[in-house]
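Just so it is clear, none of the values below were taken in a lab; they were calculated from the coordinates. Remember, it's a predicted structure, so these values are computed and weren't measured experimentally. Positions of Cβ are generated from backbone atoms using ideal geometry, with glycine treated the same way; all protein chains shown enter the neighbour counts.
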Amino acid sequence: MKHPSFPEVRIVGMHFRGAEMVEYASALQGGEELFLEREPENQYDQNAIKVLTNDGAHLGYIERSEERWISGHMEEGANYVAVVDRVVPFKNTVHVICNVEPQ
């Protein structure tokens, strides 16, 4: 089964991970890849999808409005990667805009 791509997906919540993650996210460049991991045990959202750096650090989460579509495909066995498009300043943090692509 061919799984779809999801353009213009926001990665959010870096400010909850600390200043180091906001700084890391701020320095991301277009084309960099980040890794996605389902987090069904998340007490606030069973569709939560963690975004991980190359070294496995927890950067943030896929925005809630997009995660349920992506998580459904991940439950079916799809592996996705988030390809950074751009970084947008937002209040006291940043949002990373990416394209979520099947691997």
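Computed from Cα atoms, the angle from the helix 64-75 axis to the main principal axis of the chain rounds to 40 degrees. Annotation for the stretch 44-103: trypsin sites (Lys or Arg not before Pro) lying in DSSP loop with at most 11 further Cβ atoms inside 10 Å of their Cβ are 91.
Please give me the summed charge of the neighbours of residue 72: other residues whose Cβ is under 12 Å from its Cβ, Lys and Arg +1, Asp and Glu -1.
Value of the local net charge: -2.
Taking a temperature of 10 °C and a viscosity of 1.306 mPa s, what whole-number D in µm²/s does Stokes-Einstein yield for the stretch 4-46 with Rh from Kirkwood over alpha carbon pairs? Estimated diffusion coefficient is 126 µm²/s. A helix-only calculation puts the chain at -6000 deg cm²/dmol for mean residue ellipticity at 222 nm, using -39500 (n - 2.57) for each DSSP H run of at least four residues, averaged over all residues.
In plain terms, the chain from residue 99 to residue 19 could stretch by 26.4 nm, reckoned as 0.36 nm per residue minus the Cα-Cα distance. Take every Cα pair under 8 Å whose residues are at least 6 apart in sequence, average their separation, divide by the length of the chain, and the relative contact order is 38 percent. When only the Cβ of Lys, Arg, Asp and Glu is charged (+1, +1, -1, -1), the dipole of the chain relative to its Cα centre reaches about 240 debye. For the stretch 60-97, GluC sites (Glu not before Pro) meeting the loop criterion (DSSP other than H, G, I, E, B) and having at most 12 other Cβ atoms within 10 Å: 76. Projecting the Cα atoms of 7, 51, 28 onto the charge dipole of the stretch 1-67, computed from C-beta unit charges around the Cα centre, puts 7 farthest toward the positive end.
Where does the chain land on the Kirkwood hydrodynamic radius, alpha-carbon pairs, in angstrom? Its Kirkwood hydrodynamic radius stands at 13.5 Å.
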